[in-house]
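Report on the following structure.
Computed from the coordinates by the stated procedures, all read-outs in this text should not be read as laboratory data. A quick note: this is a predicted structure, and the numbers were derived from the prediction, not measured. Here the Cβ positions follow ideal geometry from the backbone for every residue, glycine too, while neighbour counts run over all protein chains shown.
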Amino acid sequence: MVTVAENTPQNTGAFAVIDELNKKFSGQFIEQKTFDNFPTIWVERSQLLDVLLFLRKLPKPYVMLLDLSAIDERLRQHRDGQPDSDFTVFYHLMSIERNSDIRVKVALKEDDLNIPTATRIWANANWYEREVWDMFGIKFDGHPHLTRILLPKYWEGHPLRKEYASRATEVPPYYLDKDKQMFEQENLRFIPEEWGMKRSGRDEDFMFLNLGPNHPSDHGAFRVVLQLDGEEVVDCIPDIGYHHRGAEKIAERQTWHSFIPYTDRIDYLGGVMNELPYIMAVEKLAGITVPDRANTIRIMMSEFFRITNNLLYWGTFIQDAGGMTPVFYMFADRQKAYDVIEAVTGYRMHPAWFRIGGTAMDLPNGWERLVREFLDWMPKRIDEYFKATMTNKVLQLRTQQVAQYDAKSALAWGVTGAGLRATGIEYDLRKARPYLGYENFDFEVPVAYNGDAYDRCLVKIGEIRESLKIIEQCLNNMPSGAYKADHPLAVPPPKDRTLNDIETLINHFISVSWGPVMPAGESSMMVEAVKGITNYTLISDRSTMSYRTRIRTPTFAHLQQMPAVINGSLVSDLIIYLASIDVVMADVDR
């Protein structure tokens, strides 16, 4: 039977899977209460693979491994009802048919950090397990190639362990003499035998092309090593980490409010869309109810950034396919969207404008006119661009049936967003799990069915059209009222109250100088971001700072799929593939 911790939510809806687990297994599971209110269970390491395989093969299966990461529990003080654990590995599984998730956790002791690999159940467990080894030093038995992924192979230590330094003042000054430079350069050398590559014949050597890490078609600092037979890709090894900045480590030393600007730099084209899952997860921890006006403003600004992202994507997609002109027109129209964003937030690409409990300020005077002018301008431009590009026979021949994959492969690799919907699966969190009030908006979910580069672009164009519809509804139906919650954990009290009430003055001083203290517990929030599903998982240990912040980004999963899609294709098709999956390396590496 499942042992349910005290005050665990009712076993209804998404929690019905607990009954299914009970019928299959006689072992003891501990169910954990979390602020995000979906099933979270602890299983023994010996039972892990059986439980994961059972969930994967249910009649309505948990078909996608959405995330896999770990927690260093050794300094955590508030773990009521949870098993004793030095390190915890957790699996975030998603069922499309059930439209629900389950989180499976395994407790590990510091002297025995070994756990079986899940790569035989979900292909995309490969990179996630390598990341956990890289950051925490947890070994996955049976993993095909357990090496560092975000850090160089000569790196010492595991940065997301609590004893690892998090500030520059805690480590010696960095130096790079000639010997160290030569050592680091030598360790960048790609050794094909280490990756299981084999020569095609006894008297033949490998033929390689080293693409990146500074190639314009990489769309960031990214390297891929291609094994070639002529122009055909025999095998390819994506090499990431050149853009890694330790965002999850930074979150451990920033207050709940002061980490908001860092989120903008994850997907640096997504703007406020990066802030949204973070602040909403914090709001779950704090129990904050956000006013309708603030939520509608958040929707409007998020859709503006969806448009700016997709215009850049569309223009560079055409450019990578050989068409030079459209990107310049699309950049000009993108600036028109940024003019509205700047007028509202004061900034353009990285506004850091959403706040816990609402927004930084109300909409400025004249915002309606700016939004209306943009809505009058943009639709006809989209029609012109579509006619000039997507009906072009050269582009169609270059992108149709290129870099193609089906729905089964997309789910196995954790593909979300336009990449999933281009395979015929109509799954968009704004419709499937409405947040912010999206259920009150009239819009469609663009879907295509061929799963190729052309269809991924078609879906992105459809998203622009639907975002315009959503923004117009925000314009016509903007609620009145407050733009932020009246909550002590969200915003400082009004100045006039601090001058008359000592308790309010104390609250203001603590909130501004130290930051709010969030209740102990765990919370997560996922949103339909510009590139797919972005999910923030937060752990509070009743402190002014996060104990653990896990950032699940869509393009980490999308890039991992590359060898499965590209092997057997031409080098030129690899460029089209990269252009079609809307990759940003800061989003991959964090």
Determine the alpha carbon to alpha carbon distance for each of K23/K162; K380/K408; K284/K495; K153/K178 and list only those over 30 Å.
K23/K162; K380/K408
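Which GluC sites (Glu not before Pro) does region 453-552 hold that lie in a coil by DSSP with at most 10 other beta carbons within 10 Å? The partial results should precede the final answer.
Details: sites: E463, E466, E472, E503, E522, E528; in loops: none.
Qualifying residues, ordered by number: none.
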Determine the distance separating the Cα centre of region 356-392 from the Cα centre of region 446-513; give it in Å without decimals.
17 Å
Model label zone, E231; criterion: amide N under 20 Å from point 7 Å along Cα-to-beta-carbon; scope region 295-323:
318-323
Would you mind checking region 302-326 for residues with the amide N under 13 Å from a putative spin-label position 7 Å along Cα→C-beta of A388?
315-316, 318-319, 323-326
Need the full-extension length gain, R167 to L188, defined as separation in residues times 0.36 nm minus the C-alpha distance. One decimal, nm.
4.9 nm
Spatially proximal aspartates and glutamates relative to K60 (Cα-Cα < 15 Å; intrachain offsets below 8 disregarded)
D19, E20, E97, D101
Counting DSSP beta bridges with both ends in the chain, the antiparallel % (nearest 5)
85 percent
In nanometres, what is the gap between the two model label sites at N214 and Q396, each 7 Å from Cα along Cα-to-Cβ?
4.1 nm
The extension gain from E44 to Y175, computed as 0.36 nm times the residue separation minus the Cα-Cα distance, is 42.7 nm
Please report how far the C-alpha centroid of region 42-118 lies from that of region 162-176, rounded to the nearest whole angstrom.
31 Å
Along the Cα→Cβ direction, 7 angstrom out, place labels at Y347 and M197. What is the inter-label distance in nm?
4.1 nm
Placing +1 on the Cβ of each Lys and Arg and -1 on the Cβ of each Asp and Glu in region 247-589, which of A564, G437, G358 has its Cα farthest towards the positive end of the resulting dipole?
A564
Identify the residues of region 241-281 with backbone N under 18 Å of a label point that sits 7 angstrom from the Cα of Q77 along the Cα-to-Cβ direction, or state none.
252-256
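Gain in length, E97 to E439, computed as 0.36 nm per residue apart minus the alpha-carbon separation, to one decimal in nm?
On the way: separation 342, 0.36 × 342 = 123.12 nm, distance 1.93 nm.
Roughly 121.2 nm would be gained on extension.
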Let me know the shape class of the chain, please: from the alpha-carbon gyration tensor, a ≥ b ≥ c as square roots of the eigenvalues, rounded when a/c is under 1.5, otherwise prolate if a/b is greater than b/c, or oblate.
rounded
Run the quick spin-label model on K408 and D84: label points 7 Å from Cα toward the beta carbon, then report their separation in nm to one decimal.
4.6 nm
Can you tell me the FRET efficiency between M207 and A432 if r is taken as the Cβ-Cβ distance and R0 is 51 Å, rounded to the nearest 0.05?
0.65
Tell me, what ³J(HN,Hα) does each residue in region 306-313 have, in order and in whole Hz, if you take phi through Karplus 6.51 cos²θ - 1.76 cosθ + 1.60 with θ = phi - 60° and put x for Gly and Pro?
5, 5, 4, 5, 6, 5, 5, 4
